[in-house]
Amino acid sequence: MSVALFTLGGTISVAGGSNRLTGAELTAAVPGLADLGSVLEVQDVESVPSGNLTLATMLDVVDAASKAVSAGASGVVVTQGTDTLEETAFVVDQVWPHPHPFVLTGAMRNPTLAGPDGPANLLAAARVACSPAARDLGALVVFNDQIHAARWVRKTHSTSTATFASPNAGPIGHVVEDQVRILTKPARQDGVPGRPEAADLDAARVALYTVTLDDDGLLLQGLADTHQGLVVAGYGVGHVPSALAPVLGALAERMPVVLTSRTGGGSVLRSTYKAVGSESDLLGRGLIDGGFLDPYKARVLLRLLLATGEGLDEITAAFAQHH
Ligand code: GLU
């Protein structure tokens, strides 16, 4: 048995100064990996801070991972920086067509620090990647011995090794001793249709706008001339200052505008509040209900959908899966 390991850089690989570990060096530092019963087939793809990753890079990794599972790998592990892991995992989840586990992980403490968490995370990720129990779950983030679904996982702390959490649902499983224990199996959702091309992703510009106190909305001016879509991270249950409501309504006549919450947990509402700038007012002006999807993942989804040529009805239906 084998697991395909793709390395993309990040803290797990930062070995002091500008020195970064290769996949072979990463795996050599993991006690217990040799007893896994699976060989890790390493492909070093990138060696970058994860803020430099792109959707196109992640889609290329998915293509290579597809080849690996078609050639017999039981699952896939990707190591990368943690800063964008909640977004890259969701990209993968939208396009991964196989039942095989696709696991993303990283580290919060680099290998030069006391108690680096990279080796433990890599071992746990490899266990999940070769576990039959983790099949049919799409993309997973395995970190700190917890297993998170890509659609729910968030980076919630700047330094803690327990940074990854799923505020709306909790982890779907745990790695306990050498066992992968899945507690709940969320049904897979429809991904985006097809595999977007890099040029189409470049042409699908999606802005993320977080509303803030005493917001004049100046940044929204002219947005429809430069962008093809917008995600609004509203206050609380999906509210904005009343002065912004007509501005967002006008934008929604020209492009898909998705309403999400800036709070980090919970869903936007639909029909509780009626004030100008409330959720029911904004939905009535044509904004799309983002449901439980957080603003960052909503931006990923809207960009992928636009890049695959989906129209407003299909985009609305895709977001409805997250209600
Ligand atoms: N925290 C960074 C990331 O998410 C790590 C930076 C680095 O790799 O230099 O990638």
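Note on region 144-177: among residues that are over 17 Å from ALA120 (Cβ atoms), small (Gly, Ala, Ser) and touching a residue at least 12 places away in the same chain (Cβ under 8 Å), the one that is surrounded by the fewest Cβ atoms within 10 Å (Cβ to Cβ) is ALA169. Within region 302-317, the set of residues being assigned to a helix (DSSP H, G or I) and more than 18 Å from ALA198 (Cβ to Cβ) comprises LEU312, ASP313, GLU314, ILE315, THR316, ALA317. Only one of the numbered conditions (1) open to solvent by less than 40 Å² (accessible area, probe 1.4 Å); (2) more than 17 Å from THR27 (Cα to Cα) is not met by PRO132, and that is (1). Restricting ASP214, ASP190, ASP200 to those that are out of contact with any Lys or Arg (no Cβ under 6 Å at 6 or more places or on another chain), on the phi > 0 side of the Ramachandran plot and open to solvent by 50 Å² or more (accessible area, probe 1.4 Å) reduces the list to ASP214. Among the residues of this structure, LEU140 does not count as one that is surrounded by fewer than 24 Cβ atoms within 10 Å (Cβ to Cβ) and outside any loop (DSSP other than H, G, I, E, B). Can you tell me which residues in region 248-264 are farther than 14 Å from ALA298 by Cα and crowded, with 18+ Cβ neighbours inside 10 Å? Of everything in region 248-264, those that are farther than 14 Å from ALA298 by Cα and crowded, with 18+ Cβ neighbours inside 10 Å turn out to be LEU248, LEU251, ALA252, MET255.
Among the residues in region 279-289, are any surrounded by 24 or more Cβ atoms within 10 Å (Cβ to Cβ) and among the charged types (D, E, K, R)? Yes.
The values are calculated or read from the model by the stated rules, or taken from the named source; none is laboratory data. The model shown is predicted, which means the values in this text are computed figures rather than measured ones. Neighbour counts are summed over all protein chains in view; Cβ atoms, including those assigned to glycine, are modelled from backbone coordinates with ideal geometry. Accessible surface is based on the protein model in full, side chains and every heavy atom, while ligands, DNA and RNA are left aside. Shrake-Rupley method; radii C 1.70, N 1.55, O 1.52, S 1.80 Å.
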